[in-house]
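Single-structure report; data block below.
Readers should treat all values here as calculations from the given coordinates under stated rules, not as data from a laboratory. What you see is a predicted model; the values in this text were computed from it and never measured. A quick note on method: Cβ atoms are made from the backbone with ideal geometry, for glycine too, and the neighbour counts reach across all protein chains shown.
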Amino acid sequence: MSHSAPQPIEISASDALKGRVTVPGDKSISHRSLMLSGLAVGESRIEGLLEGEDVLATAAAMRTMGVTIERSGDGIWRVWGVGVGGLLQPGQALEMGNSGTSTRLLAGLIASHPITATFTGDASLSKRPMGRVIEPLSLMGADITASPGGRLPMMVRGMNPAVPIEYTLPVASAQVKSAVLLAGLNTPGITRVIEPVATRDHSERMLAGFGATLTVEPTNRGRVISITGEAELKPQDIVVPGDPSSAAFWAVAASIVPGSEVTIANVGLNPTRAGLFTALHMMGADITEVDPRTVGGEPVADLIVRHAPLTAIDVPPDLAPSMIDEYPVLFVAAAFAQGRSVARGAHELRVKESDRIAAMVAALGACGVVLEEFEDGLAVTGTGGDPIPGGATIASLLDHRIAMAMTVAGLHAKAPITIDDAAPVATSYPTFFATLEELQGK
Ligand code: S3P
């Protein structure tokens, strides 16, 4: 899980991308599959689990707390849960690597168990704010000691029984919402989260699917999500749909590289996740949805993406929660559009695996793209479809999405772009570069 040996990679201008790719399992759903299966009573089976480092960090942590987890084939995993309330005292620190989702959601689980856990992470994760989960979980009774600034390493001492709360999210964050709901699983009474702005709803869908008593009401204060503890979860057979956040790279790559036609199979299109495809449609991208179906309770389709001239847009700020991880690659798309695109209202980008506004300003700027940085977003002036100058070395800053977005940019650049370290890609998309070569016919 360490990224101690940087893996530089040089990306040169590409011929047309052609073919069919199947994207790996959704990262958010994969984390939740392991956590909820681990809390069910009995054996769950997961198909299509993302076998990236972040999800493996969740699996390792759940094992440390007494859950039996076995891999029985490619993406096929079996989990023998210990039941809600049954997590055991971990005998060692929980090593979270690069994964904010593992950290924040597991902190929620532990907050209402009678156990204490210490969380550690890599240099990127150790800079990220944990105050956003510390606040509500402390209100529920957990005793949390973090490093200065509310960072890792952090020790969570759970409270049992914990106190149910009603909590209005101060930031649009599915991780914070999920941490509170997961803490609510083992908390007697009704724990309520109010989200003024809707964020990805996988936790709600999956908790209900595992048999928790959970309701969602739209109100004028936002979505009110109530979970009743102490819950009993029933084991499930889960099929994880493909990750739209991984599909995003191929959708943009096929849109900007002339002559491309790529079919991206099995793309999760939950409306709380599909904002990038809406934005690309607004820019004039040629994306056709085929064979819409339901996989694991989530809407899924195959996408056929053909090269198309893109036009600059003002990205609607209300799309932000449904494409929060896709801004780096959206900025790349904007770099090839005709005109100046403006994205505001995306302040959360500053606290991801890197400060993604600053990282993309540095990366695209070094490649000769004209940009304007705002506190909450970016303006990008596009080439109108011509290659960008390129010819720079990009710092990926332990951020998988910066590495993959700039790889896509390099596919249509006059001079090669070097990514200083492509190793972080393994956190969410271990087969990314192999798939790129397939699409290039190599
Ligand atoms: C995630 C929520 C989002 C997203 C992250 C995964 C989740 O984070 O950026 O990659 O699985 O709940 P925030 O909750 O910080 O917005």
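Counting pairwise Cα distances across segment 27-229, what percent come out greater than 23 angstrom?
Tail of P(r) above 23 Å: 38 percent of Cα pairs.
From its DSSP helices (H runs of at least four residues, each -39,500 (n - 2.57)), the chain gives a residue-normalised ellipticity at 222 nm of -8500 deg cm²/dmol.
Computed over segment 248-354, the P(r) tail beyond 18 angstrom holds 48 percent of alpha carbon pairs.
Among the chymotrypsin sites (Phe, Trp or Tyr not before Pro) in segment 178-262, none sits in a DSSP loop with a Cβ that has at most 14 other Cβ atoms within 10 Å.
In summary, the convex hull built on the alpha carbon positions of the chain has an orientation-averaged projected area of 18.4 nm². Against the chain, whose longest principal axis comes from its Cα atoms, helix 400-410 is set at around 10 degrees.
Could I get the Rg over Rh figure for segment 226-289? Both from C-alpha atoms, Rh via Kirkwood, rounded to two places. Before the final figure, lay out each step's value.
Working: Rg = 16.7 Å, Rh = 14.1 Å.
On the Cα set of segment 226-289, Rg over Rh gives 1.18.
Under 29 Å of direct C-alpha separation, and excluding same-chain neighbours fewer than eight residues apart, Lys127 reaches these lysines: Lys27, Lys177, Lys352. Helix 27-39 axis versus longest C-alpha principal axis of the chain: approximately 10°, rounded to the nearest ten. Neighbours of Ile394, meaning other residues whose beta-carbon lies under 12 angstrom from its beta-carbon, give a summed charge of -4 when Lys and Arg score +1 and Asp and Glu score -1.
Across q = 0.20, 0.25 Å⁻¹, segment 1-66 modelled as identical point scatterers on its alpha-carbon atoms has Debye log10 I(q)/I(0) values of -0.90, -1.11, in the order of the q list.
Evaluated on segment 325-442, the Kirkwood hydrodynamic radius is 14.2 Å, with distances taken between all distinct Cα atoms.
Short-range pairs are left out: with C-alpha atoms under 8 Å and at least six residues apart, the relative contact order of the chain is 18 percent. Sorting the segments 242-248, 296-302, 183-189, 16-22 by their residues' average number of neighbouring beta-carbon atoms within 10 angstrom, most packed first, yields 242-248, 183-189, 296-302, 16-22.
Please arrange Ile190, Ile11, Ile29 by counting, for each residue, the other beta carbons lying within 10 Å of its beta carbon, fewest first.
Values: Ile190 15, Ile11 21, Ile29 30.
In increasing order of surrounding Cβ atoms, one gets Ile190, Ile11, Ile29.
Given Cα pairs under 8 Å that are at least 6 residues apart, what percent is the relative contact order of segment 239-388? Kindly include the intermediate steps, with their values, before the conclusion.
Details: 318 pairs, mean separation 33.7, N = 150.
About 22 percent, as a whole number.
If one takes the longest principal axis of the Cα atoms in the chain, at what angle in degrees, from 0 to 90 and to the nearest 10, does the Cα axis of helix 244-256 lie? The angle comes out at about 0 degrees. Counted by neighbouring Cβ atoms within 10 Å, the residues Asp15, Asp386 run from fewest to most as Asp386, Asp15.
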